[in-house]
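What follows is a single structure, written as structure tokens, with notes after it.
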Amino acid sequence: MDAGPRLGFGAWAVGGRGWGAPAGEADRVAAVRLALERGVTFFDTAPTYGDGVSETILGRALKPARERVAIATKVGPEGDPRVSLEASLRRLQSEYVDLVQLHEPLGSWERVLEGLHRLQEEGKARAIGICNATHLQVRRAAEIAPLVSLQAPYNLFDRDVNERELPLCRERGLAFLAYRPLAAGLLTGKFAALPSFAAGDHRRRIYWFQGKEYERRRVVIDRLRPVAAGLDLTVTRLALSWLLAQPGVSVVLVGAKNQSQVAENLSPETRPLTPDTLHEVDAILACGFPLARATEPLKRLASTWGERERFIVERLDGTTAYERVAAEWTDRGDAPLVAAQVKVFVDQLAEQGLVTY
């Protein structure tokens, strides 16, 4: 993972659940093989992706090329990591994985990480990583096991890792694996209107596919279209090229569930962006996403509120995103706070004129 930034295959969608109507199993196997033909050599999966179906698909598709590819899977924060990883290996038809990752640092995650270290020593995993962790959790994980990577969401609309996690990875020589690079499909530019997803579709729970949050992002995408066209790129390829240009990014994990999505989203036709283009993209994002700022009346009013509400208001300084506020609260050891809760609270304040954007 140290040969420079590259595209990898994110195999959640080939699990067949949570991403719209699933493709047939044969088409999903063919999609993985097409990605391999196009030069993709890093494949990321998890036992929770379709209850093991994603791993089974990768096992079928990649077995003939096993020594030419790197396969990463995950283990949850509860249960026996040995049982989990050995079941994954059977589905993947492999004696080892190149990277085993703690899926989320929740519950008894430190114990699980210790177990992964033992499995690495036995040769069942060549390296250990962590997913969805804050910078403090990454530091702690590195004290428990020989950590080599962090996987976290990163795209044009979700850039919180720029503040602490990416700099930490660069400082420590950790690989950074960016998932959700196209914002769960939003940055493909294919949604002309607010989409309606079927029951069970993962995107029904994502706040940027709802109401005004969707509209804000749609406006930004429309502003990105001429920038992409000027480079003879689609918005998809502009978004991926932007990610590949970010210092510290090692692998950009692009999801696909059929051959047509591989052809579009895992195209080699990304290209280096000039500093002027990167500046233009950043300027468009800054205009589309002015962050909330607390007014003086709100600051005075907040002095009478509970600790969590005061904590949020103190960070509404025009520079801190919802996700970062939630992560900082959780870092303190308090009960987990999710970005959606912060967003709802801030929107309520904005309706009362106590917050400006």
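The values are calculated or read from the model by the stated rules, or taken from the named source; none is laboratory data. If you're wondering where the values come from, they're calculated on a predicted model, not measured in any experiment. For neighbour counting, all protein chains shown are included, and Cβ atoms are generated from backbone atoms with ideal geometry for every residue, glycine included.
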Residues within the range 289-319 that are closer than 11 Å to VAL346 by Cβ and either surrounded by 16 or more Cβ atoms within 10 Å (Cβ to Cβ) or modelled with pLDDT under 80 (or both), tallied | 9
Within the range 292-334, can you find the residues that are among the small types (Gly, Ala, Ser) and either assigned by TED's automatic domain parsing to the domain that holds ASN162 or not in a helix (DSSP H, G or I) (or both)?
-> ALA292, ALA294, SER303, GLY306, GLY318, ALA321, GLY333
Based on what the data block shows, is VAL262 touching a helix residue (DSSP H, G or I) at 6+ places or on another chain (Cβ under 6 Å), in the same structural domain as GLY16 (by TED's automatic domain parsing) and outside any helix (DSSP H, G or I)?
-> no
In the range 33-63, the residues that are surrounded by fewer than 23 Cβ atoms within 10 Å (Cβ to Cβ), assigned to a helix (DSSP H, G or I) and in contact (Cβ under 8 Å) with a residue 60 or more places away in the chain = LEU34
Return yes or no: is PRO275 surrounded by fewer than 21 Cβ atoms within 10 Å (Cβ to Cβ), touching a Lys or Arg at 6+ places or on another chain (Cβ under 8 Å) and modelled with pLDDT of 80 or more?
-> no
Output the residue which, of all residues in the range 139-169 that are β-branched (Val, Ile, Thr) and at pLDDT 95 or above, is farthest from PRO105 (Cα to Cα).
-> VAL148
Go through the range 93-136 and count every residue that is polar (S, T, N, Q), assigned to a loop (DSSP other than H, G, I, E, B) and free of Cβ contacts under 8 Å to residues at least 60 places away in the same chain.
-> 4
Selected residue (only one of VAL100, VAL75 is surrounded by 13 or more Cβ atoms within 10 Å (Cβ to Cβ), closer than 15 Å to ILE144 by Cα, assigned by TED's automatic domain parsing to the domain that holds LEU177 and at pLDDT 95 or above) | VAL100
Restricting the search to the range 303-340, which residues are under 20 Å from TYR154 (Cα atoms) and among the polar types (S, T, N, Q)?
-> THR319, THR320, THR330
